[in-house]
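Structure first, commentary second.
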Amino acid sequence: MTDIHDSPTDWVNKHIREYVETDGKKGHKHQGKDALLLTTRGRKSGLLRRTALFYGKDGDRYIVVASRGGHAKHPAWYLNLEANPEVEVQVGADKFSARAHTATGEERVRLWELMTTIFPTYNSFQKKTKLQIPVVVLTPL
C-alpha cells in the first residue's frame, strides 16, 4: 500500500488518526457535523495527501467546501484535485474512489446554500477573501 501523508495541521492530523484508527466510529461526527476523509494526489510531489472535511449530501454525491478559513489562496487539497480529479474518500467505515469537480453556476449557488446551512461559518470565510470559495462535488465511481 502506498503511504498516505496526512494534513500537517496538528488538530486536523489528530482528527484523521482518530477517524482511521476507529474506522470512522470516532471522527465521522466532528463538532456535531458529518466529516469525511479526502485523499488527493499531490500535483507536484505525486504523494497521496489526506485531509478531513465537513460534508453535505446531494443525492449520492458528497459536497465539500475548499474554504481554507477565508485565506487568500485555495487549500492545497483543492489545487491537487484540480490537477487530478480522481480521489479517494472515506465516509465512516465506507471507502471508495470518486471523481471531483468544482460546482459552477446554479449548481454552485444551490450547493453553497446547502453547505452554509450545515456550517454557517463558510459565509464569514467568504467575506474574508476576494476568491470565490470553491464548492466541490465528489461523485462515487
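Bear in mind these aren't lab numbers, they're just calculated from the coordinates by the rules spelled out. This structure is a prediction, so every number in the text was calculated from the model and none was measured. A quick note on method: Cβ atoms are made from the backbone with ideal geometry, for glycine too, and the neighbour counts reach across all protein chains shown.
Annotations for the structure displayed:
- Rounded if a/c under 1.5, otherwise prolate or oblate - the range 78-120, Cα gyration tensor axes: oblate
- Taking all pairs of distinct alpha-carbon atoms in the chain, Kirkwood radius in angstrom: 15.2
- Under a 5 Å amide H cut-off, with hydrogens placed 1.01 Å from N, ASP6 pairs with ARG50 among residues at least 5 apart or on other chains.
- With the charge dipole of the range 1-123 set up from +1 on Lys and Arg Cβ and -1 on Asp and Glu Cβ about the Cα centre, the Cα lying farthest toward the positive end among the listed residues ALA35, VAL89, HIS71 is that of HIS71.
- From most to least packed by mean Cβ count within 10 Å, the peptides 97-103, 49-55 give 49-55, 97-103.
- Under 5 Å, built H, 5+ apart or other chain: amide partners of ASP34: TYR55
- Rh (Kirkwood; distinct C-alpha pairs) - the range 1-71, Å: 13.1
- For the pair LYS130 and GLU21, a Förster radius of 41 Å applied to the C-beta separation gives a FRET efficiency near 0.55, rounded to the nearest 0.05.
- FRET efficiency for ILE118 and LEU47, using Cβ-Cβ distance with R0 set to 30 Å, rounded to 0.05: 0.50
- Here is how the number arises for the chain: DSSP H runs of 4 or more residues each give -39500 (n - 2.57), the sum is divided by the residue count, and the result at 222 nm is -8500 deg cm²/dmol.
- Long pairs among LYS26/LYS73; LYS33/LYS127; LYS26/LYS130; LYS44/LYS127; LYS25/LYS73; LYS25/LYS127, criterion Cα-Cα beyond 28 Å: LYS26/LYS73; LYS26/LYS130; LYS44/LYS127; LYS25/LYS73; LYS25/LYS127
- Mean Cα-pair separation over length for the chain, i.e. relative contact order, pairs under 8 Å, 6 or more apart, %: 25
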